[in-house]
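S.K.: Encoded as structure tokens, here's the structure I'll be asking about.
The values are calculated or read from the model by the stated rules, or taken from the named source; none is laboratory data. Keep in mind that what you see is a predicted model, and the values were worked out from it rather than measured. Don't worry about glycine lacking a Cβ; one is built from the backbone with ideal geometry, like all the others, and counts go over all protein chains shown.
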Ligand SMILES: Cc1ncc(COP(=O)(O)O)c(C=O)c1O
């Protein structure tokens, strides 16, 4: 299936080696279920659900039809002082699967926007309750919170911030939780809970009453799957409570079943104050993100304004776009009717065992995993990230799509995967590693 474009030059591609890609393009022209096809006719199995977006598999007709129908009925309604029914239905559906007491959802268009929005909600909340002195945000080393300026300021992955020296002030970072003795731990590490006490030290240094919120990915995803040590999230929650600090879980990857329950918050039994989400919200079919808040946050912000006044000065032209809402509703129906979160839970052991079969491969430096998500760290070849980048390309031509960050591969198959699909993903991974020996 040759591609029908005159030039690859005009599109400046994101997070890509543009010159190399355009010389040897890895173009996908079709996707269905667990598979994609490249323009030369090669068939690839999708080992990472795209970018962790498509738990229900590619090409779901229910989603496509819902979007098509919506586009014919009502293609666009602005959401400033106006609305359409879809956003309310979707918010209600998401509230149903969120932990208590989360019953309010603010829609955005991406994970990055969900992070910026969460930061603003935090500020609006503290202002509404007379705590405007809380100006400081806490995040963690190796964190990824998207690419807008708030998220970059919170980020702890060096490549995502070193070109952008002007970031927000007043951001302090805790350590990440990965330590050498945790190597090859399947599930939650037994060691490392004490790293939560970094937050206490930050409170002692800056004053807990100056800190607005702590941003945490329950599992740090983009950096290569860093699973929280047992007791760690609980301890962070306790310290936040001691100092009246808001806890934000960035569930852009972990939301919608990746850990075996709807949200990692439920899997780990720790309830934050704000949850960001995106990606699997629409099964990746239409861009959409969202921020869910505890009732008290919504009520505090809205009740602080005079009657009939806009309470929160924030929103995007495409917030709650009708097409995205239609895709979101259709996706949530699939998750519910097909029991996909339970399926993710049930398939996790098989998936992680299959990944752990790579443990003794000479190029494998570490394995980490939880639910339907696993990090495979490859020994670098002297230059960090070089081998991982080459492996990702070679895997593509060997029929496997995997997301790599540097030398870390992140496997996250769709929840519709059969055991045979998982075997195929791991076999192709191993075969490509072997070619690099
Ligand atoms: C935890 C987390 N937050 C935010 C984002 C940014 O999402 P997006 O790329 O949709 O802007 C990502 C993307 O991978 C993420 O993993």
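S.K.: Could you please find all residues in region 195-232 being away from the ligand (no atom under 15 Å from the Cβ), without any contact (Cβ under 8 Å) to a residue 60 or more places away in the chain and buried (at least 18 other Cβ atoms within 10 Å of the Cβ)?
M.R.: Passing the criteria: 195, 196, 198, 203, 208, 229, 232.
S.K.: So which residues in region 128-155 are free of Cβ contacts under 8 Å to residues at least 60 places away in the same chain and farther than 18 Å from residue 232 by Cβ?
M.R.: Our first condition is that a residue be free of Cβ contacts under 8 Å to residues at least 60 places away in the same chain; within region 128-155, this holds for 130, 132, 141, 147-153, 155.
Within region 128-155, 130, 132, 147, 148, 149, 150, 151, 152, 153, 155 qualify.
S.K.: Just the residues that are surrounded by 11 or more Cβ atoms within 10 Å (Cβ to Cβ) and assigned to a loop (DSSP other than H, G, I, E, B), please, taken from region 14-49.
M.R.: 16, 17, 25, 26, 27, 34, 39, 40, 42, 47, 48
S.K.: Please give the number of the condition residue 240 fails out of (1) touching a strand residue (DSSP E or B) at 6+ places or on another chain (Cβ under 9 Å); (2) away from the ligand (no atom under 14 Å from the Cβ); (3) under 30 Å from residue 71 (Cα atoms).
M.R.: The single condition residue 240 does not satisfy is (3).
A quick yes/no check of all residues on (1) modelled with pLDDT of 95 or more; (2) touching a strand residue (DSSP E or B) at 6+ places or on another chain (Cβ under 8 Å); (3) assigned to a helix (DSSP H, G or I); (4) surrounded by fewer than 21 Cβ atoms within 10 Å (Cβ to Cβ):
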residue: 343; (1), (2), (3), (4): yes, no, yes, yes
residue: 350; (1), (2), (3), (4): yes, no, yes, yes
residue: 361; (1), (2), (3), (4): yes, no, no, yes
residue: 369; (1), (2), (3), (4): yes, yes, no, no
residue: 384; (1), (2), (3), (4): no, no, no, yes
residue: 404; (1), (2), (3), (4): yes, yes, no, no
residue: 425; (1), (2), (3), (4): yes, yes, yes, no
residue: 430; (1), (2), (3), (4): yes, no, yes, yes
residue: 433; (1), (2), (3), (4): yes, yes, yes, no
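S.K.: OK, next. Collect the residues in region 146-164 that are part of a loop (DSSP other than H, G, I, E, B) and more than 10 Å from the ligand (Cβ to nearest atom), keeping them in residue-number order.
M.R.: Hits for region 146-164 are 156, 157, 161, 162, 163, 164.
Yes/no matrix, rows are residues, columns are (1) at positive phi; (2) within 11 Å of the ligand (Cβ to nearest atom):
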site: 252; (1), (2): no, yes
site: 260; (1), (2): yes, no
site: 270; (1), (2): no, no
site: 274; (1), (2): no, no
site: 281; (1), (2): no, yes
site: 291; (1), (2): no, no
site: 298; (1), (2): no, no
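S.K.: Can I ask one more? Would you say residue 58 is farther than 19 Å from residue 335 by Cβ and in contact with a helix residue (DSSP H, G or I) (Cβ under 9 Å, 6 or more places away or on another chain)?
M.R.: no
S.K.: May I ask you to list the residues in region 39-60 that are touching a strand residue (DSSP E or B) at 6+ places or on another chain (Cβ under 7 Å) and either under 15 Å from residue 284 (Cβ atoms) or modelled with pLDDT of 95 or more (or both)? First the steps, then the outcome.
M.R.: Taking region 39-60 as the starting set, the residues that turn out to be touching a strand residue (DSSP E or B) at 6+ places or on another chain (Cβ under 7 Å) are 39, 43-48, 51, 57-59.
Those that are touching a strand residue (DSSP E or B) at 6+ places or on another chain (Cβ under 7 Å) and either under 15 Å from residue 284 (Cβ atoms) or modelled with pLDDT of 95 or more (or both): 43, 44, 45, 46, 47, 48, 51, 57, 58, 59.
S.K.: Considering only residues of region 215-229 that are modelled with pLDDT under 95 and out of contact with any helix residue (DSSP H, G or I) (no Cβ under 7 Å at 6 or more places or on another chain), which is farthest from residue 111 (Cα to Cα)?
M.R.: It comes out as 224.
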